[in-house]
1. Give me a count of the residues in region 156-178 that are surrounded by fewer than 14 Cβ atoms within 10 Å (Cβ to Cβ) and at pLDDT below 95.
2. So, Gly182, is that one crowded, with 16+ Cβ neighbours inside 10 Å and either assigned to a helix (DSSP H, G or I) or modelled with pLDDT of 95 or more (or both) or not?
3. Report yes if some residue within region 24-32 is in contact with a helix residue (DSSP H, G or I) (Cβ under 8 Å, 6 or more places away or on another chain), under 19 Å from Gly157 (Cα atoms) and crowded, with 20+ Cβ neighbours inside 10 Å; otherwise report no.
4. Tell me, please, whether a residue that is modelled with pLDDT under 95, assigned to a helix (DSSP H, G or I) and not hydroxyl-bearing (Ser, Thr, Tyr) can be found in region 32-43.
5. Return the pairs, sorted by first residue and then second, in which the second residue is of a type in the set (Phe, Trp, Tyr) and surrounded by 19 or more Cβ atoms within 10 Å (Cβ to Cβ), the first residue lies in region 99-128 and is under 20 Å from Tyr47 (Cβ atoms) and modelled with pLDDT of 95 or more, the beta carbons are less than 6 Å apart, and the residues are 6+ apart or on different chains.
Amino acid sequence: MLDTFFIENLKQPLRLAAIAVDKLGIKANWITLLGFAIGIMVIPALYFGDTALALVFVVINRMMDGLDGAVARVQGPTDLGGYLDITLDFIFYSAVIFGFALMNPMENALAASFVIFSFMGTGSSFLAFAIMAEKRKIERLEYGHKSLYFLGGLAEGAETIAFLVLICLMPAHFVVLAYFFGGICWVTTATRIYAGYRTLN
């Protein structure tokens, strides 16, 4: 829901940073892979109950996720880059939730399962439509040049990042926040399926 706003306002700062990174000879895919390697460290951090460290990993991962796309646009987007970006993003999102399940299995596991279940809805409705959109050459110009078509909703990237930050800041409220966000994800899934049905029918 808020992705368009953030993309528009961060476009220029990210482009300036990307130009500087490109001059150093750093490839976009290197940033993607390094960002993922750092992000996945949320699992051991949360296992040991260090939510502050987990938050650091989340923030670094998301910053590098924004930078890799900007660098790719400077260097020229590739299919491999788009594939790595979306695949590793979904793994990272689920890794954070899995970490909270590991941190407190008795209290968090069921709510964590519900969130990952909801990710299946948002992810599948997003990716399935992206395939059809590519086939029909459908574009969303307000999202700029993306490797995959982005079908909007209440729970997009910005809202997911906000959720991950909140649960790291307020781990005692993980269960309530997880069920709330999971519910938003299912509303998003329903609206995406409806929009996809209307568009493709």
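The values are calculated or read from the model by the stated rules, or taken from the named source; none is laboratory data. Predicted model only: the values in this text are computed from it and were never measured. So basically every Cβ, Gly included, is an ideal-geometry build from the backbone, and we count neighbours across all protein chains shown.
1. Kept after step one, since they are surrounded by fewer than 14 Cβ atoms within 10 Å (Cβ to Cβ), are these residues of region 156-178: 162, 169-170, 172-173, 176.
Applying the additional criterion that residues be at pLDDT below 95 yields 162.
Number of matching residues: 1.
2. Criteria met by Gly182.
3. Residues of region 24-32 that are in contact with a helix residue (DSSP H, G or I) (Cβ under 8 Å, 6 or more places away or on another chain), as a first pass: 26-29, 31-32.
Filter again for under 19 Å from Gly157 (Cα atoms), leaving 31-32.
After this cut, where a residue has to be crowded, with 20+ Cβ neighbours inside 10 Å as well, the list is 31-32.
The answer is yes; a qualifying residue exists.
4. The answer is no; no qualifying residue exists.
5. Listed by first residue and then by second, the contacts come to Phe100/Phe174; Asn108/Phe100; Asn108/Phe174; Ala112/Phe100.
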